[in-house]
Ligand code: DGJ
């Protein structure tokens with residue numbers, strides 16, 4: 001049983017395979033946090049709420065209630081009533097004051113997990129997940145706050161969210177609603193997060209936790225290139241195999257905050273939710289607000305265990321696409337091949353050559369519509385540019401299909417160019433503040449998809465094209481962040497709802513798309529990887545990782561991304577050299593080996609690359625077919641890291657039944673006078689015997705996992721090699 005309640009001690013015990021989460025209810029009705037960590041066999045630890053040592057407990061000493069509120073480890077802190085740490089809920093009442101206080105009311109436990117209306121949410125069947133609802137009330141405001149905990153026993157994951165209902169009689173305003181809080185004693189925690197910029201997303205960063213608040217956030221309207229809705233608190237010296245990790249990850253694609261606060265009492269408060277900046281939600285009597293969910297996991301065996309728990313969880317309980325475990329076609333995308341300069345013949349030339357080399361799908365990227373020959377026009381005018389596609393879109397699609405290839409297409413449905421027929425007809429459809437010229441970014445504005453008629457228009461443009469020809473893949477792009485936040489349709493007291501309503505509008509459009517076209521392979525993208533988040537994975541099984549396709553930069557990006565996301569979600573392509581972003585020259589083989597750790601495809605003009613490089617493509621494609629199932633379903637182990645001062649990078653994917661493993665080794669810099677390196681593998685069967693494919697070498701699992709495997713044959717900078725071990 002995942003969730004237990006002890007009536008006498010007023011405690012909830014949430015168990016996963018290796019972890020326990022304990023919640024207690026105080027005499028006063030406060031819902032306190034007791035424990036999260038290694039699995040406990042019995043109920044215990046209630047003393048961690050420290051009621052006995054707190055002389056300020058309100059029922060004993062009302063005189064000093066604030067001291068209690070500022071200390072008590074709570075499950076869901078509210079603002080305005082004496083807890084000066086970061087709050088999760090700020091409610092303004094009808095006379096304009098902020099303040100709420102929650103008291104336990106009731107609980108229920110159910111099999112399975114409820115869907116969250118309008119939001120992406122993890123799912124699971126009876127037997128896979130149980131959900132606890134703790135209902136709290138603020139008797140003054142008439143507020144009902146339901147704390148939801150869904151326990152995924154097998155994956156060691158607990159998913160949290162919150163529902164706020166106005167059951168009173170006054171109009172309320174929610175000025176902040178976070179989804180989860182974790183109060184714990186500090187254990188010299190360090191914080192690990194992912195940060196970056198355009199073309200270098202999700203680099204891993206680690207720092208000591210200091211007194212005060214340290215936050216990771218986005219107020220850009222999307223999860224962003226710069227920060228990521230993920231935070232882990234780890235004990236000192238945590239490695240891939242050892243140390244404790246507390247991680248939170250947000251199933252949401254808009255503004256977020258995740259924060260760790262080290263307080264005066266050496267407590268840590270970790271919170272996550274929708275960013276409170278520019279957020280305000282009207283809550284009239286009878287209405288409720290559902291916050292997005294937070295995925296929490298605890299590992300007592302380092303980052304590696306956290307990674308594999310999250311990979312399994314996302315594959316099994318968040319990604320819905322029929323392509324989740326299916327072979328994805330090896331694609332060639334024309335963006336880096338042609339940019340805007342293409343026509344039917346050019347695309348067909350690429351397709352013909354691609355087909356000869358085993359590639360299975362042509363993706364036509366930006367520039368096929370309106371009069372778009374550069375990036376400053378036509379977004380919103382989703383009609384085919386017949387100067388480029390002279391025989392029309394469906395003819396092109398059919399010609400590509402008659403070659404035996406599939407066809408995919410690019411859209412940017414959320415945007416509107418200043419120079420577009422759509423903007424000329426509906427200038428108010430762009431997000432903007434009344435009386436102020438909205439800022440352009442990449443010469444475009446953002447469509448106000450909080451409005452139904454705007455969403456319907458944008459969605460219909462996409463659907464119409466998909467109905468017009470047998471197109472099996474869509475790349476849904478989004479190339480700017482939101483600014484000038486104002487909607488022509490929302491009343492003045494609801495403008496603070498726009499950021500969230502935008503995200504809800506996006507989710508609604510993508511839900512329609514995957515419902516109307518259930519067989520479609522959808523890849524999300526945002527100027528590279530600015531909206532690579534669990535929210536988008538609910539709609540698309542893969543997301544374009546970064547506009548930086550340089551194999552060496554990709555090592556960092558893909559390492560950071562794979563820390564929390566399955567390899568099958570990472571859009572990765574082989575591109576031309578010198579690389580268009582960093583100008584680096586890397587071997588074609590290494591570009592292929594690095595892209596193999598993701599969805600795998602090409603992004604180059606196959607008709608123009610050298611004979612020598614082109615000749616390697618059939619082998620790479622064959623390699624993809626051979627390894628993709630293992631890569632899609634296996635356990636990922638980070639073996640060595642270039643970012644961690646090593647001159648090389650190495651990762652392994654081991655089959656869940658330990659029958660085989662694929663090891664990728666990339667030597668970033670050659671080292672003088674170093675002749676071999678020992679790589680210690682993981683996830684194998686100690687007693688098993690493994691043959692290194694392509695050789696006569698046989699090793700025991702124990703040798704490979706304890707003594708290591710010697711890399712002897714990789715020489716020079718940027719060189720790489722794959723090693724496949726199969727149990728005999
Ligand atoms: C940004 C994407 O990340 C690229 O792959 C490409 O699709 C361009 N947008 C097109 O404008």
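Residues checked against (1) in the same structural domain as residue 178 (by TED's automatic domain parsing); (2) crowded, with 24+ Cβ neighbours inside 10 Å; (3) under 13 Å from the mean Cα position of the chain (by Cα):
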position	(1), (2), (3)
216	yes, no, no
219	yes, no, no
222	yes, yes, yes
244	yes, no, no
260	yes, yes, no
265	yes, no, no
271	yes, yes, no
Legend entry - Hits in the range 309-335 (condition: more than 30 Å from residue 18 (Cβ to Cβ), more than 16 Å from the ligand (Cβ to nearest atom) and touching a residue at least 24 places away in the same chain (Cβ under 8 Å)): 322, 323, 327, 328, 329, 330
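Quick grid of which residues meet (1) farther than 22 Å from residue 569 by Cβ; (2) modelled with pLDDT of 95 or more; (3) surrounded by fewer than 24 Cβ atoms within 10 Å (Cβ to Cβ):
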position: 479; (1), (2), (3): no, yes, yes
position: 484; (1), (2), (3): yes, yes, yes
position: 497; (1), (2), (3): yes, yes, yes
position: 523; (1), (2), (3): no, yes, no
Legend entry - All positions within the range 670-694 that are in a loop (DSSP other than H, G, I, E, B) and exposed (fewer than 14 other Cβ atoms within 10 Å of the Cβ): 671, 672, 673, 674, 675, 676, 686, 687, 694
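In a loop (DSSP other than H, G, I, E, B), more than 26 Å from residue 300 (Cβ to Cβ) and at pLDDT below 95: is that true of residue 54 in this structure?
Values: in a loop (DSSP other than H, G, I, E, B): yes; more than 26 Å from residue 300 (Cβ to Cβ): yes; at pLDDT below 95: yes.
Answer is yes for this residue.
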Inset, instruction - Within the range 384-405, identify whether any single residue is touching a strand residue (DSSP E or B) at 6+ places or on another chain (Cβ under 8 Å), at pLDDT 95 or above and on the phi > 0 side of the Ramachandran plot, and answer yes or no. - result: yes
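Please state which one of 540, 492, 487 is under 26 Å from residue 442 (Cα atoms) and away from the ligand (no atom under 16 Å from the Cβ).
Numbers: 540 fails: away from the ligand (no atom under 16 Å from the Cβ); 492 fails: under 26 Å from residue 442 (Cα atoms).
Result: 487 is the single residue among 540, 492, 487 that is under 26 Å from residue 442 (Cα atoms) and away from the ligand (no atom under 16 Å from the Cβ).
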Inset, instruction - Scan (1) surrounded by fewer than 24 Cβ atoms within 10 Å (Cβ to Cβ); (2) within 14 Å of the ligand (Cβ to nearest atom); (3) over 16 Å from residue 202 (Cα atoms) for the single condition residue 518 breaks and write down its number. - result: (2)
Inset, instruction - Working only within the range 695-716, note down all residues that are loosely packed, with under 15 Cβ neighbours inside 10 Å and either part of a strand (DSSP E or B) or free of Cβ contacts under 8 Å to residues at least 24 places away in the same chain (or both). - result: 695, 696, 697, 698, 702, 710, 713
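Rundown of residues vs (1) away from the ligand (no atom under 16 Å from the Cβ); (2) surrounded by 21 or more Cβ atoms within 10 Å (Cβ to Cβ), yes/no style:
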{"position": "412", "(1), (2)": "no, yes"}
{"position": "415", "(1), (2)": "no, yes"}
{"position": "439", "(1), (2)": "yes, no"}
{"position": "449", "(1), (2)": "yes, yes"}
{"position": "458", "(1), (2)": "yes, yes"}
Inset, instruction - Kindly indicate which of 47, 5, 35, 21 is buried (at least 19 other Cβ atoms within 10 Å of the Cβ) and out of contact with any helix residue (DSSP H, G or I) (no Cβ under 7 Å at 6 or more places or on another chain). - result: 21
Inset, instruction - State all residues of the range 336-370 that are within 15 Å of the ligand (Cβ to nearest atom) and part of a loop (DSSP other than H, G, I, E, B); if no residue qualifies, say none. - result: 339, 340, 341, 342, 365, 366, 367, 368, 370
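Of the residues 671, 719, 667, which is free of Cβ contacts under 8 Å to residues at least 40 places away in the same chain and under 19 Å from residue 555 (Cα atoms)?
Values: 719 fails: free of Cβ contacts under 8 Å to residues at least 40 places away in the same chain; 667 fails: free of Cβ contacts under 8 Å to residues at least 40 places away in the same chain.
Exactly one of 671, 719, 667 is free of Cβ contacts under 8 Å to residues at least 40 places away in the same chain and under 19 Å from residue 555 (Cα atoms), namely 671.
The values are calculated or read from the model by the stated rules, or taken from the named source; none is laboratory data. Since this is a predicted model, take the numbers as computed values, not measurements. Positions of Cβ are backbone-derived with ideal geometry, glycine not excepted, and every protein chain shown enters the neighbour counts.
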